[in-house]
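The values are calculated or read from the model by the stated rules, or taken from the named source; none is laboratory data. Given the structure is predicted, the values throughout are model-derived calculations rather than measurements. Heads up, the Cβs are rebuilt from the backbone with ideal geometry, glycines too, and the neighbour counts pull from every protein chain shown. Quick note on the areas: whole protein, heavy atoms, side chains included, nothing else; ligands and nucleic acids left out. Shrake-Rupley method; radii C 1.70, N 1.55, O 1.52, S 1.80 Å.
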Amino acid sequence: MESPTSRLLESATPISQGAEAKVFRAYLHPSLQRSSSELQSNASDIREPILLKYRFHKQYRHPTLDTTLTKARVAGEARAIIKCLRHGVNVPGIRMVDATEGVLGLEWIDGKTVRFLLGGGAEDEDEDETLEEGDEGQVVKEDPLKEYGVSQDDIMGMIGSEIAKMHSADIIHGDLTTSNMIVRHPTPPKGVQLVLIDFGLAYTSTLAEDKAVDLYVLERAFSSTHPASEPLFASVLSAYKEKMGKDWLSISKRLDDVRLRGRKRSMVG
Amino acid sequence: METFRYTHLPAAHAHAYVALFDHVSNAAHLRQRIVRASQLEGPEGDHEREAVNFAFVDARLITSILHLQTAIYQAILAKIQGSLRTKTVHSEILWALSPNNNITEAIKRFGVSDSTASLIVVRVGPPEMSDIEHRMKTLVSGDPLPLTDLTKLTDWFAVRKCYKLNADPALKAPGLSIAQQQLAAGEIVVSTVAMKSIAA
Ligand SMILES: Nc1ncnc2c1ncn2[C@@H]1O[C@H](COP(=O)(O)OP(=O)(O)O)[C@@H](O)[C@H]1O
Ligand SMILES: [Mg+2]
């Protein structure tokens with residue numbers, strides 16, 4: 001018999017595929033069957049999609065080990081998320097878990113990745129594709145930020161402050177890139193927000209070193225994906241610094257060390 | 001009564017029938033009946049068990065329809081996968097709702113108690129359980145309400161205490177309105193229920 005979760009995945013729309021997981025958009029719960037006073041079309045409006053993150057089987061791994069590892073990863077991601085939620089870090093809520101099948105269901109964040117908003121394009125698009133070149137039928141879009149009512153610098157500030165909240169809770173993200181951040185569309189009730197996603201590599205640590213490496217990974221992501229926005233990274237750090245208060249000093253020192261090591265490594269390699 | 005229909009689930013557990021009652025006047029009797037049904041033997045026992053074969057949930061502790069749906073869904077999944085922690089899919093709903101692993105405590109806190117005034121009744125089963133609404137209404141003496149009225153009955157003070165939200169920085173951030181606090185609390189609560197099967 002086919003499992004409920006694989007049947008759910010079959011009904012889902014693929015969003016992206018990474019090395020570890022396939023990501024889908026799906027509907028989990030049915031819409032409420034309302035009394036006849038409400039139109040059916042109205043009822044379907046209240047259905048909210050969810051995101052399904054499916055960690056597929058690795059052929060090269062022993063099946064039992066594979067299942068155990070997959071379960072642990074799903075659980076790890078969920079635990080990092082609930083910890084973030086309790087600490088007021090903006091992350092997607094958890095909607096369903098089927099660890100045996102390697103599936104984590106999350107709140108669907110209606111918005112755009114920071115990568116997209118900074119002109120880095122969707123992940124699988126060409127980097128140099130510019131919006132002005134809109135093909136036939138494709139409307140030339142204005143600055144997508146306008147719709148969100150925020151400036152690039154605002155976003156940088158939001159990123160810095162969200163990471164600071166996360167680090168204050170001793171959560172290390174492990175994969176901070178501009179694809180792993182979504183700016184939530186400014187619709188009620190939550191409004192415009194910077195939401196951190198993809199806690200697949202997250203872990204807990206109190207060490208300034210680990211927090212510094214987290215920041216360094218993001219700094220590198222900025223310079224490779226958004227060379228033009230690189231100066232803006234300073235705004236990320238200043239918002240981070242403000243929120244971290246006295247903890248900033250030791251992290252800042254470590255960040256300098258990490259940068260130095262990074263540079264040496266690239267000179268050697 | 002509302003029906004949640006899950007088209008991707010096997011027919012035997014594809015539907016959840018859910019009714020909400022306020023001003024419930026027979027909670028104590030209902031609780032006794034549930035206890036007695038579990039002890040009775042023979043055909044009479046089977047009959048009584050079927051009569052109370054529902055999840056009875058204290059509506060005060062439920063923050064949204066999604067909260068309830070999340071518990072129901074995870075319970076059905078466990079039932080289908082053969083990984084129930086409790087005896088039935090209905091007791092599993094109470095277990096899923098509870099923030100800790102103690103089954104007795106889950107039933108005591110989230111189930112029906114002598115003082116329960118507002119009650120959610122859930123039955124998981126196949127499509128076409130035509131008399132189910134009637135059976136719920138004979139079982140519970142109270143005013144039936146549309147499920148969308150659920151949030152009017154939420155006791156946020158009790159929710160915060162039960163899910164231990166009072167110490168959470170998410171709710172203590174300065175300048176949060178009551179609505180924002182409830183939004184944050186609701187998100188933590190739903191997420192806690194969703195991940196219950198893998199909570200440490
Ligand atoms: N909760 C979400 N809501 C909406 N889109 C999301 C959500 N989570 C992820 N995405 C989209 O799916 C992509 C991949 O998800 P992610 O969790 O980062 O998986 P991966 O580990 O494969 O990178 C993201 O870059 C983003 O565009
Ligand atoms: Mg990612």
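Things worth noting here:
Residues are listed down the side, and each one gets a yes or a no for (1) aliphatic (A, V, I, L, M); (2) within 16 Å of ligand 2 (Cβ to nearest atom); (3) crowded, with 22+ Cβ neighbours inside 10 Å:
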site	(1), (2), (3)
A:GLN59	no, no, no
A:ARG79	no, no, no
A:LEU85	yes, no, yes
A:ASP98	no, no, yes
A:LEU106	yes, yes, yes
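- Residues (of a type in the set (A, V, I, L, M) and under 11 Å from A:MET156 (Cα atoms)) located in region A:210-242: A:LEU232, A:ALA234, A:VAL236, A:LEU237, A:ALA239
- Region A:67-95 residues that are at the interface with chain B (Cβ under 9 Å from one of its Cβ atoms), paired with ones that are open to solvent by less than 20 Å² (accessible area, probe 1.4 Å) and basic (Lys, Arg) (beta carbon under 8 Å, 6 or more apart): A:VAL74/A:ARG55
- Odd one out for B:LEU40 among (1) surrounded by fewer than 19 Cβ atoms within 10 Å (Cβ to Cβ); (2) closer than 18 Å to B:ARG123 by Cα: (2)
- Output for region A:1-31, where each listed residue is more than 16 Å from ligand 2 (Cβ to nearest atom) and part of a loop (DSSP other than H, G, I, E, B): A:MET1, A:GLU2, A:SER3, A:SER11, A:ALA12, A:TYR27, A:LEU28, A:HIS29, A:PRO30, A:SER31
- Residues located in region A:109-122, provided they are touching a residue at least 12 places away in the same chain (Cβ under 8 Å), within 15 Å of ligand 2 (Cβ to nearest atom) and open to solvent by 20 Å² or more (accessible area, probe 1.4 Å): A:GLY111, A:LYS112, A:THR113, A:ARG115, A:PHE116
- Wholly enclosed helices (runs of 4 or more DSSP H) of region A:143-243 bearing at least 2 residues open to solvent by less than 50 Å² (accessible area, probe 1.4 Å) and among the polar types (S, T, N, Q): A:208-225
- Members of region B:165-175 found to be in a loop (DSSP other than H, G, I, E, B), within 9 Å of chain A (Cβ to nearest Cβ) and farther than 19 Å from B:LEU66 by Cα, listed by number: B:ALA167, B:ASP168, B:ALA173
- Consider region A:1-22 and keep the residues that are open to solvent by 90 Å² or more (accessible area, probe 1.4 Å) and under 19 Å from B:SER83 (Cα atoms). The one that is farthest from the other protein chains (Cβ to nearest Cβ) is A:MET1.
- Of all residues in region A:162-214, those satisfying the criterion of being among the charged types (D, E, K, R) and within 11 Å of ligand 1 (Cβ to nearest atom) are A:ASP175, A:ARG184, A:ASP198.
- Residue among A:ARG259, A:ARG254 that alone is part of a helix (DSSP H, G or I) and open to solvent by 70 Å² or more (accessible area, probe 1.4 Å): A:ARG254
- Lone qualifier among B:VAL193, B:VAL159, B:VAL189 - being at the interface with another protein chain (Cβ under 9 Å from one of its Cβ atoms), within 24 Å of B:THR116 (Cα to Cα) and open to solvent by less than 20 Å² (accessible area, probe 1.4 Å): B:VAL193
- So B:THR116, is it touching a helix residue (DSSP H, G or I) at 6+ places or on another chain (Cβ under 9 Å) and either open to solvent by less than 10 Å² (accessible area, probe 1.4 Å) or not in a loop (DSSP other than H, G, I, E, B) (or both): yes
- Among the residues making up region A:193-218, those that are more than 16 Å from ligand 2 (Cβ to nearest atom) and within 14 Å of another protein chain (Cβ to nearest Cβ) are A:GLN193, A:THR204.
Table: residues versus (1) modelled with pLDDT under 95; (2) away from chain A (no Cβ under 14 Å).
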{"residue": "B:ALA11", "(1), (2)": "no, no"}
{"residue": "B:LEU20", "(1), (2)": "no, no"}
{"residue": "B:VAL24", "(1), (2)": "no, yes"}
{"residue": "B:LEU30", "(1), (2)": "no, yes"}
{"residue": "B:ARG33", "(1), (2)": "no, yes"}
{"residue": "B:PRO43", "(1), (2)": "yes, yes"}
